[in-house]
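One structure is given below, encoded as structure tokens.
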Amino acid sequence: MTATVSEKAGSRGDLPPVPDGAVTVALKVLRFNPEVDSEPRWETFNVPALPTDRVLNLLHYVKWYIDGTLTFRRSCAHGICGSDAMQVNGVNRLACKVLVKDLMAKGDKPTSITIAPIKGLPVNKDLLVDMEPFMEAFKAVKPFLITYGNEPTRERVQSAADRERFDDTTKCILCACCTTSCPVFWNEGSYFGPAAIVNAHRFIFDSRDEGAEERLDILNDAEGVWRCRTTFNCTDACPRGIQVTKAIQEVKRALLFRR
Amino acid sequence: MQFHKYDVVIVGAGGAGMRAAIESGSRARTAVLTKLYPTRSHTGAAQGGMCAALANVEEDNWEWHTFDTIKGGDYLVDQDAAEIMAKEAIDAVLDLEKMGLPFNRTPEGRIDQRRFGGHTRNHGEAAVRRACYAADRTGHMILQTLYQNCVKQGIEFFNEFYVLDICMTETDNGPVCTGAVAYELATGEIHVFQAKAVVFATGGFGKVFKTTSNAHTLTGDGMGIVFRKGLPLEDMEFYQFHPTGLAGLGILLTEGARGEGAILRNASGERFMERYAPTIKDLAPRDIVARSMALEVLEGRGAGPNKDYVLLDCTHLGAEVLETKLPDITEFARTYLAVDPVTEPVPVYPTAHYAMGGIPTNVHGEALRDNDNVVPGLYAAGECACVSVHGANRLGTNSLLDINVFGRRAGIAAAEYAQGREHVELPENPTKVVNDQLELLLSEHGKERVADIRTELQATMDANASVYRTEETLKQALHDVQALKDRYAHIQVQDKGKRFNTDLLEAVELGFLLELAEVLVVGAIERKESRGGHAREDYPNRDDTNYMRHSMFYKQGDELKGEIRLDYKPVTFTRYKPMERKY
């Protein structure tokens, strides 16, 4: 793997003025464009950054002023849409939810931040990965309300306690931070992965749902919950603070104690 | 070039697009083309709730909701459409619940409801609890629930397909929409989708402003495409500024916070909304609250070292309410401003939020060609459309309602139109516009950076076409936007590749932003009155004699710098006479 420091700075004309209080951050990005690269390569960009900047701002700086070919997904920029999952200094994060101040080197040392795509999904270009295998696993667990019989005219009644039972797993934004932090998923891509199980949990523990058995059968499969080794990477990675490992354990328990 | 044939093609997979797909998909062969993966859409960023007069927690009825919507919109609302929306709101919420949406519940297990700005009991007596909600992630839950039901139904999605043009065929009965042309981001390939009906649900264009709650991807693509076809846009001068954006960042903090009791204060701690809206105070509609905040700052009562924001005080709500009913905004304040709402007030300032205007439609979602005629086969719903249920100022929660009620209606209407009809032939060379556009953008024809033009556009729009406007500031904005259009002719796209060329995508998006910014400014200059979200310092009063009418904008010619022709459309009244708007 090659590594270069970009000499492209300024190739797109004058750079915008550096704001007061900015420090220079060495942003080291794992690049890969199959159209031109035979293998991934590291490229370093020197980027002026304020402590309050999101890492996403730094990537935008590179794309907008230094190298327009740098490719990543992003949309809402405040941790809700789930587009910009990537490895920031080796851990899965949303680039829009990590601030530079939390990555600053101590004392007078220069700050360096490494950015790489999330692991375990094919890289399409730079930080942009193929999400299809992830979405297929999600769809496989029947992530929708299953009911039988006639619908009530008004809303279904659900107690506040029953609603609370699955609150945590309704927060999932399908960013893939959890699934692509899981060592089992890295080694065995056929494993459903934490995100799919989280979304199964969201319905299995919803008192209105009647599809729990179907989903538990699916998750009892060889590629299902039993693959989980409880490493807690997923819980650490979740940008929504979901207790992912706990949810997986609850699904395992539901399987053990059913009938 | 690849070719596809469907009955109905839906463009956009946010709330409106997916609600339409759920209806259309069960009736006709349907494809959804979307620039983003469906769950990335900005519906997911909506927080506070979706209003419907369920009367689960106190007396309420849809007529009060209709009245509030019309008064909130400063009487520019088409009253027949508002009545439909308020009436169908009840089923729209119940439908979502049946699809699985996890609403917060009352102690009796019914859908819980909270207060929201401008929603009142008995025509303005007091705030009413009308907003159905799921913590402060109601939009997220709507987006997820709709996507889950699309998965359940097996709806066909073309993800990361960026629609750049529609196909219009001239017939004896005038122009008919016969399909859409899309750019596949993964491969750079052009796809033609022939369809009997096309539904636009492409969202807003908040990225014309710097300080905005909108996503980077909200660049008004759908409105821009339609406008470039010579079809009208309606009421584009009305843009909503949400009062409570995180100061300096624009990230949204839900009005639901004030619905739960949070209070806006100026530097001296005064609850200033008592002066501007004595009856419902902090729960006045957004245009009024945003102007009040801007005035506090202009008159030197702003907080902070530069006195340039006000404070949203949630400290008296307690940690429990914040953590359970407002957890996301609590986290936003902690993450992005390092402020803990449990113990300190949060710095806030208005943020560009929502386009009241858009592609004019009737109540079936059919797009209009002029004041009286529809474009057969073309539909629009959600923020990109203008029915008009929001008039000059949208009430909080009514956007989530709009996408569900009119997304559903557009989906049904498009599918029923397609049923039993043959495909109309595509126009000759349907990809020409797109091919020419992309070829030009990828050619070496200048050195202008997309980011520079966009940054300057956003700066002039924030400075000159924001909460308060004057003839002078608006003319400055118009001058700036036109100069930026000149520079756009010389932009450079650095990435020349076929694969996931997001550099090219941003260049295309900037073209739409420039187009729509100019329409907004032209409309704002011509509307010499203050109404709802359009506040002219030089014309501070509403002028019903001259301006009780919708604006209709038509692009002349094919050039980016083509003239804009302005026409007018009457407002539909049913039972509500315009009154002075007091809260």
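The values are calculated or read from the model by the stated rules, or taken from the named source; none is laboratory data. Predicted model only: the values in this text are computed from it and were never measured. A quick note on method: Cβ atoms are made from the backbone with ideal geometry, for glycine too, and the neighbour counts reach across all protein chains shown.
Annotations for the structure displayed:
- Listed by first and then second residue, the pairs with beta-carbon distance under 7 Å, at least 6 apart or on different chains, first residue in region B:475-488 and touching a residue at least 60 places away in the same chain (Cβ under 8 Å), second small (Gly, Ala, Ser), are B:488/B:511.
- Taking the conditions (1) out of contact with any His (no Cβ under 8 Å at 6 or more places or on another chain); (2) surrounded by 20 or more Cβ atoms within 10 Å (Cβ to Cβ); (3) outside any helix (DSSP H, G or I) in turn, residue B:353 satisfies each one other than (1).
- Count of residues meeting criterion [part of a loop (DSSP other than H, G, I, E, B) and either under 17 Å from the mean Cα position of the chain (by Cα) or more than 8 Å from every other protein chain (Cβ to nearest Cβ) (or both)] in region A:155-173: 2
- Residues located in region A:139-154, provided they are more than 8 Å from chain B (Cβ to nearest Cβ) and part of a helix (DSSP H, G or I): A:140
- Filter result (in a helix (DSSP H, G or I) and of a type in the set (A, V, I, L, M)) within region A:114-135: A:135
- Only listed residue being over 25 Å from residue A:180 (Cα atoms) and not assigned by TED's automatic domain parsing to the domain that holds residue A:189, chosen from A:72, A:45, A:32: A:45
- In the set (1) in a helix (DSSP H, G or I); (2) surrounded by fewer than 24 Cβ atoms within 10 Å (Cβ to Cβ), the condition left unmet by residue B:169 is number (1).
- A residue that is assigned to a helix (DSSP H, G or I), charged (D, E, K, R) and within 14 Å of chain A (Cβ to nearest Cβ) cannot be found anywhere in region B:294-315.
- If you go through region B:375-387 and pick out every residue that is buried (at least 24 other Cβ atoms within 10 Å of the Cβ) and farther than 24 Å from residue B:518 by Cβ, you end up with 3.
- Filtered residue count, region B:1-22, keeping only those that are part of a helix (DSSP H, G or I) and buried (at least 24 other Cβ atoms within 10 Å of the Cβ): 7
- Residue match in region A:99-109 (condition: in contact with a strand residue (DSSP E or B) (Cβ under 9 Å, 6 or more places away or on another chain), within 11 Å of another protein chain (Cβ to nearest Cβ) and among the basic types (Lys, Arg)): no
- Residue match in region B:426-435 (condition: of a type in the set (Asp, Glu), more than 30 Å from residue B:549 (Cβ to Cβ) and out of contact with any strand residue (DSSP E or B) (no Cβ under 9 Å at 6 or more places or on another chain)): yes
- Qualifying residue in region A:116-124 (condition: more than 9 Å from every other protein chain (Cβ to nearest Cβ), among the β-branched types (Val, Ile, Thr) and under 16 Å from residue A:26 (Cα atoms)): no
- Against the list (1) surrounded by 20 or more Cβ atoms within 10 Å (Cβ to Cβ); (2) under 21 Å from residue B:142 (Cβ atoms), the condition residue B:67 fails is (2).
- For residue A:129, the conditions (1) under 16 Å from the mean Cα position of the chain (by Cα); (2) within 11 Å of chain B (Cβ to nearest Cβ); (3) closer than 20 Å to residue B:207 by Cα all hold with the exception of (3).
- Test: residue in region B:424-434 that is assigned to a loop (DSSP other than H, G, I, E, B) and of a type in the set (A, V, I, L, M): yes
This table checks each residue for (1) in contact with a strand residue (DSSP E or B) (Cβ under 8 Å, 6 or more places away or on another chain); (2) under 20 Å from residue B:243 (Cα atoms).
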{"site": "B:295", "(1), (2)": "no, yes"}
{"site": "B:303", "(1), (2)": "yes, yes"}
{"site": "B:306", "(1), (2)": "no, yes"}
{"site": "B:311", "(1), (2)": "yes, yes"}
{"site": "B:324", "(1), (2)": "no, no"}
{"site": "B:334", "(1), (2)": "no, yes"}
{"site": "B:344", "(1), (2)": "no, yes"}
{"site": "B:348", "(1), (2)": "yes, yes"}
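- For residue A:70, the conditions (1) buried (at least 23 other Cβ atoms within 10 Å of the Cβ); (2) more than 11 Å from every other protein chain (Cβ to nearest Cβ) all hold with the exception of (2).
- Test for residue B:372: is it surrounded by fewer than 24 Cβ atoms within 10 Å (Cβ to Cβ), free of Cβ contacts under 8 Å to residues at least 24 places away in the same chain and either within 27 Å of residue B:531 (Cα to Cα) or within 24 Å of the chain's Cα centre (by Cα) (or both): yes
- Residue within region B:475-484 that is small (Gly, Ala, Ser), touching a Leu at 6+ places or on another chain (Cβ under 6 Å) and assigned by TED's automatic domain parsing to the domain that holds residue B:539 present: no
- Close Cβ contacts (under 8 Å, 6 or more residues apart or on different chains) running from residues in region B:490-517 that are on the phi < 0 side of the Ramachandran plot to residues that are among the aromatic types (Phe, Trp, Tyr) and in a helix (DSSP H, G or I) comprise B:510/B:488; B:511/B:488; B:514/B:488; B:515/B:227; B:516/B:227.
- Sole exception among (1) within 12 Å of the chain's Cα centre (by Cα); (2) more than 26 Å from residue B:6 (Cβ to Cβ) for residue B:203, by number: (2)
Residue by residue, here is whether (1) outside any helix (DSSP H, G or I); (2) farther than 18 Å from residue B:335 by Cα holds:
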{"position": "A:45", "(1), (2)": "yes, yes"}
{"position": "A:51", "(1), (2)": "yes, no"}
{"position": "A:61", "(1), (2)": "no, yes"}
{"position": "A:65", "(1), (2)": "no, yes"}
{"position": "A:68", "(1), (2)": "yes, yes"}
{"position": "A:87", "(1), (2)": "yes, yes"}
{"position": "A:112", "(1), (2)": "yes, yes"}
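- Only residues that are in contact (Cβ under 8 Å) with a residue 40 or more places away in the chain and within 14 Å of chain A (Cβ to nearest Cβ) were counted across region B:456-471, and they come to 3.
- Region B:482-513: number of residues that are in contact with a Ser or Thr (Cβ under 8 Å, 6 or more places away or on another chain) and among the β-branched types (Val, Ile, Thr): 1
- Scanning region B:529-552 for residues that are assigned to a loop (DSSP other than H, G, I, E, B) and either under 23 Å from the mean Cα position of the chain (by Cα) or free of Cβ contacts under 8 Å to residues at least 40 places away in the same chain (or both) yields B:529, B:530, B:532, B:533, B:540, B:541, B:543, B:548.
- Residue B:140 facing another protein chain (nearest Cβ under 8 Å), touching a helix residue (DSSP H, G or I) at 6+ places or on another chain (Cβ under 6 Å), modelled with pLDDT of 95 or more and not in a loop (DSSP other than H, G, I, E, B): yes
- From A:206, A:168, residue being at pLDDT 95 or above, over 18 Å from residue A:234 (Cβ atoms), surrounded by 18 or more Cβ atoms within 10 Å (Cβ to Cβ) and not small (Gly, Ala, Ser): A:206
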